[in-house]
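Enquirer: I have a structure here, written as structure tokens, and I will follow up with some questions on it.
The values are calculated or read from the model by the stated rules, or taken from the named source; none is laboratory data. Keep in mind it's a predicted model, so treat the numbers as computed, not measured. Reconstructed Cβ throughout: ideal geometry from the backbone, glycine too, with neighbour counts over all protein chains shown.
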């Protein structure tokens, strides 16, 4: 666990993030590939660390009563019509497929997919509430992808509750927020919270060159979004 804390912290510190962008240079017809310091999540050490973190997230969710589900990598674009209207900024991050797969896109957001899966498998409302959690690979077209933290392909841990009472769903948000904060503090990862109401919040890792923006007080800052309701 100590190795996980140290290495995961190194992955997130701004001084490493700032040097993590690879560069290509051509000198005397020889191609050089320069990469800054960091831990590649797809190589052995990075995979071990990320797997331990994912296992801990899933175990903590299981204790709270969330059952793990699996999400597909490719989903139908038609499914998005069943949800709320999409903003233009969200449509811009979709990664659509072409050719015979032109009505499909790479997994970008899971809400409607999960709702469809559960609706097709549940025969009665008596089964509610349903609690599920997942760790899946998402794909988005980002303007400033970060190789180690949030690139065009990145892993997301999430949990959802389907129920009949608003009070129950609100309690789920508070519960998952407490879980997220506890894990961040255990790993020694600093964060700042932006609260937009009792059931709507977002946590950010402050970074000078962060790809996300948030406001604390009246000050606009940059960072990396870690979690949101």
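Enquirer: What do you reckon, is residue 210 modelled with pLDDT under 85, buried (at least 17 other Cβ atoms within 10 Å of the Cβ) and assigned to a strand (DSSP E or B)?
Expert: No.
Enquirer: Moving to a separate point now. Residue 49 - would you say it is over 26 Å from residue 142 (Cα atoms), surrounded by 14 or more Cβ atoms within 10 Å (Cβ to Cβ) and at pLDDT 50 or above?
Expert: When the stated conditions are applied, residue 49 does not pass them.
To keep it simple, each residue is scored yes or no on (1) modelled with pLDDT of 85 or more; (2) in a strand (DSSP E or B); (3) in contact with a helix residue (DSSP H, G or I) (Cβ under 6 Å, 6 or more places away or on another chain).
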| site | (1), (2), (3) |
| --- | --- |
| 174 | no, no, no |
| 177 | yes, no, no |
| 182 | yes, no, no |
| 190 | yes, no, no |
| 199 | no, no, yes |
